[in-house]
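Here's the structure, in structure tokens; my notes come after.
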Amino acid sequence: MGFLIHFIPSFGLGPILSTASARLFKGNPVAGFISGVALIWLFPFLFYLNVVVGETLFPYGIFPSAAGMPHHGMSLDAGMHIGAAFFLGMVVNLLLFGMIVYYLIFTIIKKYRLNFLSLIKKWDVRK
């Protein structure tokens with residue numbers, strides 16, 4: 001959750017939102033906070049990725065412009081398109097990267113759980 005929150009423009013509230021969303025989904029809020037803070041530098045790239053994915057799936061000019069509407073200029077049309085492309089890209093990236101990151105973390109934890117536990121505390125862990 002701490003990684004995925006950076007796909008959404010949170011205006012600096014990413015660590016708080018990642019902690020709250022981890023708690024909401026019965027995850028570890030401390031891990032959500034740590035990943036929210038540690039990956040905050042990644043936000044500009046993920047923001048750009050939202051636009052690129054949205055623009056790929058929803059290219060400009062796919063729908064005809066609403067010509068003839070009063071005060072409907074080219075800048076408003078372009079702004080509406082960029083906003084729609086960003087939102088579409090954000091939803092696709094959240095779903096795609098959410099599933100990928102969850103599967104990778106689940107696989108790593110499943111495979112190396114006993115090794116991680118033995119590093120944290122000198123437990124006698126049997127396989």
Label model pair Phe45, Phe58: point-to-point distance (7 angstrom along the Cα→beta-carbon line) in nm is 2.5
Expected sort for 20-28, 84-92 on mean C-beta neighbours within 10 Å, highest first, is 84-92, 20-28
Here the gain from full extension of Ala78 to Ala38, 0.36 nm per residue of separation minus their alpha-carbon distance, amounts to 11.0 nm
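I need the calculated FRET efficiency for the pair Ile108 and Phe87, taking r as the beta carbon distance and R₀ as 35 Å, to the nearest 0.05. Don't jump to the answer; show the numbers that get you there.
Values: r = 31 Å, r/R0 = 0.90.
Step by step, r from the Cβ atoms, then E = 0.65.
Taken together, the values in this text are just the output of simple stated rules run on the coordinates, not laboratory data. Quick caveat: nothing in here was measured; it's all calculated off a predicted structure. Note that each Cβ is placed from the backbone with ideal geometry, even for glycine, and that neighbours are counted across all protein chains shown.
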